[in-house]
Amino acid sequence: MLPWCPRIWCTQSSKEVLMDNHVMPLASEFRESGISELSAVEQARRIRDGEITSLELVEYYLARIERHDGRLNAMIHMQADAARKDAEKADRERKKGKLRGVFHGVPTAVKDHHMVRFSKTTLGSKSFEWLWSPVDDIMVKSLREAGFIILGKTTMSELGLMPMAESLDGSATRNPWDTERTSGGSSAGAGAAVAAGLLPIAPGSDGAGSVRIPASLNGLFGLKPTRGLVKDAAQGVDPFGMTTVGPIARSLQDLAQLLDVLAGSDGAYSRRARMEIPKLRIGMILETPSSEADPRVVALVRKAAAELEEAGHHVEIRPTPQATLEEFTPVYQKLVSRIPLARAAKLEPTVKWFVESGRKIKMNEAFRRFRGLEAVGRSAMLGLDVVITPTIGVIAPKVGEYTNSNPKTHFEGAATLGLFTAIANVTGQPGLTVPYGSVDGLPVGVQLLARPGDDALLLALAATLSASNS
């Protein structure tokens, strides 16, 4: 049994049990017997049945944030008073028999590049300190329509560039499993807050691994959906279609339900995630052209692949796709450089270098590189239904481990965290990280990739994979 594996996971083998009841544990220092141990879906059920009110739940999470977030720096731009009013309204609606959606009355928060009415939106940057929104964006509207109560914003790396949220002023979003280590990024606060029980569930966004990286480092499930499945206002600056919103959760059921909300699919993914899956042809990739993964991480991926093989799936080693960081960087630079900036001088040095470099790249050259990488990535799926890889080739780095005064060196060092994840953003295929063990007490995830449109297949396979890990 893994040292942090909950008993219901480690002693049951039913996919139904896993999908309905299995919830990953909170990071050990933040555990308490209480409602934060429950899934978001279960919290919604208790509100629906009158066992707890939305206001009580909001007050509970606001208190946890007040008590713990000083150590994590996961939350920003809190809207406590607005959340209380929204919760009171949700409770009045419930008494009248009116439920807005599956998450009626459940608290969450959104990444700090989303527009939330009457809130600042700073994109993790001092260059956006002036930006305030009177309205919700399309993603936030979908959350409210599903019944969520917005507590505030979750932290992110500046402009979403780096795979960790660390600033030169010393502030950093920290991993609740070890606060000396990073929680990953760019959806840094979402990962840390859900893992520490400051939020029951949260959306993130993923342009090169920004959902899957923090989910993996924090012991959570995290999905980058198929390109175009989730509509998001940020796609207006992304001509490549690399970025997308995706769910981060402590249970597969929560993940599937939040995907339904984000995709506007009326429960389709929650239902399809329970489907019986055929015997699959699965490729295993264990290294990248730029680096070898930590042997302890590789061992966990091999163990997961062996369990899939024991379940009747065919698993074969596949060669590493020859798509390098050097080839990817200009495409990513062009993407980030398209974010409208009014005060670029306030960017931190690495981000400023990245933006300025991107502005020098012609769009047709960026597209030429993008199409080449896309072809390489899609070739890796030929003859396969699924690919399994490490989500990240290393365990959670210490805060500041990659900090360097040379912007290029800083970026390339930190980009190590995204070497297995970024290709799915280029190809548009779905990618899911599944918590699958630990190294030195730190969570490790394995990544499952499928063909575009097979998001539900990944959820169903993850249930089988996790259920077999007894």
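Readers should treat all values here as calculations from the given coordinates under stated rules, not as data from a laboratory. Note that the coordinates shown come from a computational prediction; the quantities given were computed from them, not determined experimentally. Backbone-built Cβ (ideal geometry, glycine too); neighbour counts: all protein chains shown.
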| Residues with beta-carbon under 14 Å from that of Leu341, excluding Leu341: net charge, scoring Lys, Arg +1 and Asp, Glu -1? | +2
| query | Of all DSSP beta bridges in the chain, what percent run antiparallel (nearest 5)? | reply | 75
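So how do 126-133, 237-244, 221-228 stack up, highest first, on mean other-Cβ count within 10 Å? Provide the component values of the computation, followed by the final result.
On the way: 126-133: 15.5, 237-244: 19.1, 221-228: 26.9.
Order by mean packing, descending: 221-228, 237-244, 126-133.
So if we plug the beta-carbon distance of Asn404 and Thr320 into 1/(1 + (r/R0)^6) with R0 = 25 Å, what FRET efficiency do we get, rounded to 0.05? The partial results should precede the final answer.
Details: r = 26 Å, r/R0 = 1.05.
Once the sixth-power term is evaluated, E becomes 0.45.
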| How much length is gained on full extension from Arg271 to Glu287, taking 0.36 nm per residue of separation minus their Cα-Cα distance? | 2.3 nm
| request: Using Cα positions and a limit of under 24 Å, work out the lysines in reach of Lys96, with same-chain residues fewer than 8 apart set aside. | output: Lys85, Lys141
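What does the highest-first list of 141-147, 423-429, 449-455 look like by mean Cβ count within 10 Å?
Details: 141-147: 19.0, 423-429: 26.3, 449-455: 21.0.
Descending mean neighbour count gives 423-429, 449-455, 141-147.
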| request: Could you line up Leu220, Leu335, Leu384 from fewest to most neighbouring Cβ atoms inside 10 Å? | output: Leu384, Leu335, Leu220
| message | Tell me whether segment 379-457 comes out rounded, prolate or oblate; compute the Cα gyration tensor, take square roots of the eigenvalues as a ≥ b ≥ c, and use a/c under 1.5 as the rounded threshold. | response | oblate
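Provide the packing ranking of 282-288, 405-411, i.e. peptides ordered by the mean count of other C-beta atoms within 10 Å per residue, highest first. Intermediate results must be reported in sequence, preceding the final value.
Working: 282-288: 20.9, 405-411: 15.3.
For the peptides 282-288, 405-411, the packing ranking is 282-288, 405-411.
Which of Arg100, Arg181 comes first, and how do the rest follow, when ranked by fewest Cβ neighbours within 10 Å?
Working: Arg100 16, Arg181 20.
Lowest to highest Cβ neighbour count: Arg100, Arg181.
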| Label zone at Glu56, where the point sits 7 Å out along the Cα-to-Cβ direction: segment 180-213 residues whose backbone N lies under 18 Å | 200
| said: Can you give the local net charge around Val399? Use residues other than it whose beta-carbon is closer than 14 angstrom to its beta-carbon, Lys and Arg +1, Asp and Glu -1. | reply: -1
| note | Two pseudo-spin positions, 7 Å from Cα along C-beta at Val237 and at Glu129, lie apart in nanometres by 1.9
| Cα gyration tensor shape of segment 247-291, rounded if a/c is under 1.5, else prolate or oblate by comparing a/b with b/c | oblate
| query | Lys279: which lysines have alpha carbons under 29 Å from its alpha carbon, excluding same-chain residues fewer than 8 sequence positions away? | reply | Lys15, Lys224, Lys303
